[in-house]
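Here the structure is laid out as structure tokens; the discussion comes afterwards.
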DNA sequence: AATTATTGATACGGCCTAGTATCAATAACG
DNA sequence: CGTTATTGATACTAGGCCGTATCAATAATT
């Protein structure tokens, strides 16, 4: 479509610019998740995006700014629930059937996915370098998920307990690279257990 | 005691070697926790330990081996409960009063401390580079903690639930650098809540 | 059609770091 | 006491990477 043939120089049209920027962010996203910030060179990002480093710098600034742009795009995907195909996207908070267990199933599938865990790991690793980015991630991810559970009818305390139990030790092990992504049926079992325990643990409003 | 005056050369006595190696591990431990693996140079470790890089290499090998040595020493501290003064050390599993809540209080104080959280963050960051080290950390930390709860009278399921709730979202936020270490009273409240919920959530054996 | 902005290709400067080498000094060991 | 291992101090090699510069090419813009 707006795909510019490789090796082509000259001034790009605005549509081509958007497509090129998206390619850069895609390439950076992939490399960051599989190697981490320090191990990704901008040469590698530029090569995978089919772009030279100069274009990369004029479009995003420096390496840290590129990281921020990548993560913030992911945040805008989470909660959108559109056809972006992002594995860590959360369903819209105002879904038709606000059932707590179904909401928990959706959250578990999203946040326990390979991509979401890799992003979580990246944010923990870079929290020292980018504190505000870590805060944004927390709000767009774990906090938003708990808010969805509140929308589904839980109290804030119940939502926090249910969310904690939903991820549980599995999430800790996954952050350490010790476990694979759970199956959908496993996620459903976890979600049901987490919601039931949370309801029993906190008094009704 | 066996402290060699700085700038002194020549063959060291075995006691001096041990003291020197401990100084190196201390220096590496401090720098790793406050800066992370990639941001710590071996020159910085050598300088803080009062040693030259050559000594560092002949004593430990390369940079990755030094990381492993540092983390493994921390593992040997955890569970020892002696006078090492390590903040993430767990009390001995066969303590006199195996009360679940008191055990949970001890675990919470240990694993929610600044040092333990920093180590946890380091292990998550380096899990890709050192999978076996991440596995060892998990066994010596979270798994050992749950085992202590089992020793204190909980079932394995109850222990996992109690441990998960004890750390909870606070631990997630601390990994992201968003929260400070909790007060002892706060830890006690968390421990009591976590154990009570875990007991209620799982059937008695 | 002329101008101007932007890119590709490439190279380079500057900086940092891992790891090694050299040499003199010095103390443990036999 | 002589030998030998080990260290301090320092310099060095090799490599990687960030960020910038140069120059020709090319297409959007006017």
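Before moving on, here are some points about what is shown:
- Residue check for residue B:173: away from chain A (no Cβ under 11 Å) and surrounded by fewer than 20 Cβ atoms within 10 Å (Cβ to Cβ): no
- Filtered by the rule that a residue be surrounded by fewer than 20 Cβ atoms within 10 Å (Cβ to Cβ), over 22 Å from the mean Cα position of the chain (by Cα) and more than 10 Å from every other protein chain (Cβ to nearest Cβ), region B:186-205 gives B:189, B:192, B:199, B:203, B:204, B:205.
- Of all the residues in region B:17-47, those that are more than 14 Å from residue B:64 (Cα to Cα) and within 10 Å of DNA strand C (Cβ to nearest atom) number 5.
- Flag for residue B:155 being surrounded by fewer than 18 Cβ atoms within 10 Å (Cβ to Cβ), more than 11 Å from chain A (Cβ to nearest Cβ) and more than 21 Å from the chain's Cα centre (by Cα): yes
- Which listed residue is more than 14 Å from chain B (Cβ to nearest Cβ), at pLDDT 95 or above and more than 16 Å from DNA strand D (Cβ to nearest atom), from A:23, A:121, A:48: A:23
- Region A:176-185 - residue that is away from chain B (no Cβ under 14 Å) and buried (at least 16 other Cβ atoms within 10 Å of the Cβ) and, of those, nearest to the chain's Cα centre (by Cα): A:181
- Under the condition of being in contact with a helix residue (DSSP H, G or I) (Cβ under 6 Å, 6 or more places away or on another chain) and more than 10 Å from chain A (Cβ to nearest Cβ), the residues counted in region B:138-152 number 6.
Results for (1) under 23 Å from the mean Cα position of the chain (by Cα); (2) in contact (Cβ under 8 Å) with a residue 12 or more places away in the chain, shown as yes or no for each residue.
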site: A:5; (1), (2): no, no
site: A:16; (1), (2): no, yes
site: A:42; (1), (2): yes, yes
site: A:49; (1), (2): yes, yes
site: A:59; (1), (2): yes, yes
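- Residue in region B:122-137 that is surrounded by the most Cβ atoms within 10 Å (Cβ to Cβ), counting only those that are under 12 Å from residue B:72 (Cα atoms) and touching a helix residue (DSSP H, G or I) at 6+ places or on another chain (Cβ under 7 Å): B:137
- Which listed residue is crowded, with 16+ Cβ neighbours inside 10 Å and either at pLDDT 95 or above or part of a helix (DSSP H, G or I) (or both), from A:33, A:90, A:64: A:33
- Residue match in region B:69-84 (condition: modelled with pLDDT under 85 and either within 12 Å of DNA strand D (Cβ to nearest atom) or assigned to a helix (DSSP H, G or I) (or both)): yes
The values are calculated or read from the model by the stated rules, or taken from the named source; none is laboratory data. Model, not experiment: these values are computed from the prediction. As a convention, Cβ positions derive from the backbone with ideal geometry for all residues, glycine included, and neighbour counts pool all protein chains shown.
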